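Working notes for the structure below.
The values are calculated or read from the model by the stated rules, or taken from the named source; none is laboratory data. Everything quoted here is computed from the prediction, not taken from an experiment. Positions of Cβ are backbone-derived with ideal geometry, glycine not excepted, and every protein chain shown enters the neighbour counts. Areas reflect the complete protein model, heavy atoms only, side chains present, ligands, DNA and RNA absent. Shrake-Rupley method; radii C 1.70, N 1.55, O 1.52, S 1.80 Å.
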Amino acid sequence: MKKLLLSAILLTVFAGLCAFDAEAKPLKIYILVGQSNMQGHAKVTTFDHIGMDPKTAPILKEMRNADGSPRVCDKVWISAIGIAEEERHGKLTVGYGAERNGPKIGPEFTFGIYMQKFVDEPILIIKTAWGGKSLNTDFRPPSAGPYEFNEAQLENLKKRGVDIKQAKADKADKTGHYYRLMIKHVKGVLGDIKRVVPDYDAKQGYELAGFAWFQGWNDKVDSGTYPNRREPGVGYAKYGVWMADFIRDVRKDLNAPKMPFVIGVMGVGGMINKDYNPRNKVTHGNFRAAMAAPTKMPEFKGNVVAVRTGLYWDPILGELAARWDKVKSKSRSLNKDKSLTPAQRTAALNKYKAEVYTPEELELFRKGTSNAAYHYLGSAKIMAQIGKAFAEALAATTEKNKSTMDPDALKRWQDMGFGMFIHWGPVSLTGHEIGWSRGRQTPIEEYDQLYKRFNPTKFDADQWVRIAKDAGMKYMVLTTKHHDGFCLWPSKHTDYHIGNSPFKRDVVGELAKACKKQGIKFGTYYSVCDWYHPAYPKGSPAGQTDKPNPDIDRYIKYLRNQVTELITNYGPLHTMWFDVPQEVYSDHGDPTIAMVRKLQPDILINNRAYRHKQDHNKVGDYSTPEQRVGGFDRQRPWETCMTICRQWAWKPNDKMKSAKQCIQTLLQTVGGDGNLLFNVGPMPDGLIEPRQVERLKEMGTWLKKYGYSVYGTRGGPFKPGQWGASTCKGNKIYLFVMNWPQDGSLKIPAVGIKIKKAKVKTGGTVKMSQTARIIEFDIPKDDRDPIATVIELTVKGKAFEIEPVKIVTKSNSAASGKQAKASHRFSKGEEYAPGKAFDDDPETRWATPSGTKTAWLQVDLGKEMTIDRALINEGHWDRVKNFALQYKVDSQWKTAYEGRKIDSTRSFAFDPVTAHYFRLNIFRAVEGPTIWEFQLFEAK
Ligand code: FHN
């Protein structure tokens, strides 16, 4: 009995500790510092207003219990000073804003709620915030040195008869006082965490996981310290310098060198745009830029971010508040009118109010505000969003720094290898290209009305998914919103969506469901650029026009809301396929990526989430070569996206690729260790064109037979080329021989592998011989498959561990390896020399400087030869628009063949001509032409 009792007691004690779970991680501690707006002057009485906006209503749900009482966070502790005489500490709830006329909240309430959600562990917030404090003096960090009065200030003090010495002494006293108070309090709390977090166990330790700074007002209005406030980049530059000092000193003093920082950039009045109050536009703009300056410093890249709080300003409340200033001055003037009785005064004031506000407006103003504009109107709606944004930004920074692509998700995706891309929307009614035809082939007004007659009644998501499955595709990516801004799901963040078309049905939803049902992975394409959305800076045609009221921050908010909607409503998605991030860079892109990862940790994100200043292949989880097969690469995951016809969206009688082209493209892609995302553009009635369905079925038929050589394989070890491509899995290598060398057998470098067995999977027999250097395969012509002869090789050990090698099959081009010269060269080096077009290696090319519009490439065959056929490989560039194949006779160039387009690899036959020198003369190219292979074949 006694033993049972003892173990019961132990159990409860242990259970108690479990609240903080035995293998408790270090307690994450977040520090919130600033002045009155970090104190927080948003009264709890303004909470209801949050619920009146569908966008913020979900936040209110997190802030209140079902019975409407404020939430008390069980796993968030807080210690706060500066909000009241004494320190306040306990479980986070309302009332940790400024105490006077409370209860109030600052950013700490939603910061704590959302930060705890992000980290999913107990957290501690230490908040030190005092009203009316500046960075230049009160929070001045030690390494900023003493405060120096400038000439103008000293002048001014003298004029006011102030004792300079005393003034300097007073300033010295004040200098850094609140910086030291902050550090002292934080260290005090860290010294005895159990005092504020009863369940804290010193053994678990703590981690200073983030710092949020929300200050600014007292510096912005300080024309003494910042005399040239109107000078951009100069006026407030010192603030940025001291802010950087502050970050370094805090990290040093708290021994947290890597602690991520969020700077809450002032945003009273909203984002600075043409409607911003002109009186303050310049100075406020300069000050906000100075506040965010540290985020641009290399040492702070990725670990100091800015949150532009203007995003969360409520313009309606702001406008109502502006009117209240009139009421206040009216009241002041009535108060001065001694002829009025109090009752008359009140009546007059109420009459005036009724002129200024409608009853609804006054109600809204009362409901939504509780303090002055510089305290963000005391609006809990604004403060709650700011707190959440601070948490998101810190989580994003931390997340980004932990770069968390889910490797298993990547493996699953690579094993799939082949997916369907779908470009669709009301534009299909026109047969022109999606997005790009807006303001070109189709006037903008007409384009934007297309959805009113978009009614694809034959749309059947199950049928599309079946077509993809029958094609051997394992995943699908749909354009949920392309550059034209139209949404194929009933988004609650815009009216420009399928729900407001005659069709009404949720295309994204139905397709996501159908994919799930048939075991196909579903992903969403989402265009970052939006030439339709008023806040996105660029417009149609082709993003080459400027919008009248650009507001990139507002647009990014819209983008993040929609991306969240897609993941939340239709997830889990296998990928978020962003596109054309024209005006969006890392400062907006990284937090978006982190947000997406947070919403779905195993999602894959492509490399078009934002424009990377140096190398777009550093963005996201995989690269996306377009309309060309990417280069062999086993390090950086990649996926070629390509159209089955020419256009992305449906176009009547668009030129469709042959089955051979389609299947060879797939094999060249997986042979390069890439995935192929093959695009169809469904018709406006909702059907995928029968001829495209047929073509896809042909691919499916091939994959039904030989899919084992594609799915779950890796590219190589024999790199793709004109000869073909190879994949490997386990101890198998699959050769896809697409072009047999003219001299008969395929010779591949032995690379130290012993082929134990070779089997022709496409039928027939293979004669294989191997020496230490070369392995030779020969298959009778009749057994060679016109699309790809599949030869399965069995090797000892893991085939993937064989060092990848290139197979350059000597073409029987008369020009192969011959002397070459050209009118232009991309660079002095050999890399893009003319000879690269005659080396039988489809991975090398002759290139010309960008902007080159005409050029020629000449080869010396070494003697007179009679030629009647040429092959030109322009890779994926499609730049040559008019050219001639010429040969020199009596030092005159004559034309053997003239053409308009090469477009990837084409061979041209012409009447036999005899000459020593031949050239490709390019009369017109859209961009610096580049040729990967130029081959000439003797007339038989
Ligand atoms: O402009 C788009 C185009 O319409 C299409 O969506 C492709 C797909 O990768 N991406 C852009 C062009 O790079």
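Of note:
- Entries in 452/474; 203/258; 194/252; 818/901; 719/754 that, when Cα-Cα distance is taken, lie over 28 Å: 452/474
- P(r) tail, the stretch 672-803: Cα-Cα pairs separated by more than 25 Å, 31% of all pairs.
- Rounded to the nearest Hz, the phi-derived 3J(HN,Hα) couplings of the stretch 337-343 under the Karplus curve 6.51 cos²θ - 1.76 cosθ + 1.60 (θ = phi - 60°) are 7, 5, 6, 9, 7, x, 4, where x marks glycine and proline.
- In this rough spin-label picture, where each label sits 7 Å from Cα along the Cβ direction, the residue 750-residue 561 distance is 6.8 nm.
- Between amide H atoms placed 1.01 Å from N, distances below 5 Å from residue 814 occur with 936, 937, 938, all of them 5 or more places distant or on a separate chain.
- Among the trypsin sites (Lys or Arg not before Pro) found in the stretch 197-231, those both in a DSSP coil and sparsely packed, with 15 or fewer other Cβ atoms within 10 Å of their Cβ, are 230.
- In a reduced charge model with +1 at each Lys and Arg Cβ and -1 at each Asp and Glu Cβ, the stretch 382-541 shows a dipole moment near 340 debye about its Cα centre.
- Rounded tilt (10° steps) of 507-518 against the dominant C-alpha axis of the chain: 60
- Phi angles across the stretch 60-69 convert, under the Karplus curve 6.51 cos²θ - 1.76 cosθ + 1.60 with θ = phi - 60°, into 3J(HN,Hα) values of 4, 4, 7, 8, 10, 7, 4, 7, x, 6 Hz, Gly and Pro given as x.
- Rounded, prolate or oblate (a/c below 1.5 giving rounded, otherwise prolate when a/b exceeds b/c) for the stretch 387-536 by Cα gyration tensor: oblate
- Estimated inter-spin distance, residue 823 and residue 169, nm [label 7 Å along Cα→Cβ]: 8.4
- Counting only protein heavy atoms and a 1.4 Å probe, the stretch 588-651 has 38 square angstrom of accessible area per residue.
- For the chain, size of Cβ-based charge dipole, Lys and Arg +1, Asp and Glu -1, in debye: 760
- Three semi-axes of the equivalent ellipsoid, the stretch 250-371, Cα gyration tensor, whole Å, largest first: 43, 15, 14
- The chain, relative contact order [Cα under 8 Å, separation at least 6], %: 8
- Protein heavy-atom surface of the chain, 1.4 angstrom probe: 54% of the accessible area is carbon and sulfur, with nucleic acids and ligands not counted.
- Dipole of the chain computed with +1 at Lys/Arg Cβ and -1 at Asp/Glu Cβ about the Cα centre; of 289, 813, 333, farthest Cα towards the positive end is 333.
- Accessible heavy-atom area order of 295, 128, highest first, probe of 1.4 Å: 295, 128
- In the stretch 245-321, the trypsin sites (Lys or Arg not before Pro) that fall in loop regions by DSSP, at most 14 other Cβ within 10 Å: 258, 274, 301
- Once the Cα-Cα distance is subtracted from the 0.36 nm per residue extended length, the residue 177 to residue 341 segment shows a gain of 54.1 nm.
- Per residue accessible area in Å² of the stretch 117-258, where ligands, DNA and RNA are left out and the probe is 1.4 Å: 47
- Remark on residue 898: its backbone amide H falls under 5 Å from those of 885, a criterion applied only to residues 5 or more positions apart or on other chains, H modelled at 1.01 Å from N.
- Sites residue 258 and residue 587, calculated FRET efficiency, Cβ-Cβ separation with R0 22 Å, nearest 0.05: 0.65
- Debye log10 I(q)/I(0) at q = 0.15, 0.18, 0.21 Å⁻¹ for the stretch 799-940, Cα point scatterers: -0.68, -0.97, -1.32
- For residue 304, residues with placed amide H under 5 Å, excluding near neighbours: 261
- Which of 213, 848, 485, positive extreme of dipole for the chain (C-beta unit charges): 213
- The stretch 738-865: Cα Rg divided by the 2.2 N^0.38 Å rule of thumb: 1.35
- Note on residue 199 and residue 334: their simple-model spin labels are 5.4 nm apart, each label 7 Å out from Cα toward Cβ.
- Spatially, the stretch 606-656 and the stretch 293-360 are offset by 50 Å when compared through their Cα centroids.
- In loop segments of the stretch 324-386 as defined by DSSP, the trypsin sites (Lys or Arg not before Pro) with at most 11 further C-beta atoms inside 10 Å of their C-beta are 338.
- Size descriptors for the stretch 206-264 (Cα atoms only): Rg and Dmax, in that order, 13.8, 44 Å.
- Across the stretch 649-657, coupling constants 3J(HN,Hα) worked out from phi with the 6.51/-1.76/1.60 Karplus curve, θ = phi - 60°, read 8, 5, 9, x, 6, 5, 5, 9, 6 Hz, and Gly and Pro carry x.
- Dipole of the chain computed with +1 at Lys/Arg Cβ and -1 at Asp/Glu Cβ about the Cα centre; of 47, 527, 897, farthest Cα towards the positive end is 47.
- Accessible surface, the stretch 321-378, averaged per residue in Å² (probe 1.4 Å): 60
- Ordered by solvent-accessible area of protein heavy atoms (1.4 Å probe), largest first, the residues 374, 96, 711 come out as 374, 711, 96.
- Rg then Dmax, both in Å and based on the Cα atoms of the chain: 34.3, 116.
- Adding -39500 (n - 2.57) for every DSSP H run of four residues or longer, then dividing by how many residues the chain holds, sets the calculated 222 nm ellipticity at -9500 deg cm²/dmol.
- Extension gain (nm, one decimal) between residue 773 and residue 325, 0.36 nm per residue minus Cα-Cα: 152.4 nm
- Efficiency of FRET between residue 626 and residue 441 - r from beta-carbon atoms, R0 22 angstrom, step 0.05: 0.55
- Relative packing of peptides 79-89, 642-652 - highest average C-beta neighbours within 10 Å first: 642-652, 79-89
- Additional length obtainable on full extension of the chain from residue 658 to residue 810, 0.36 nm per residue less Cα span: 52.1 nm
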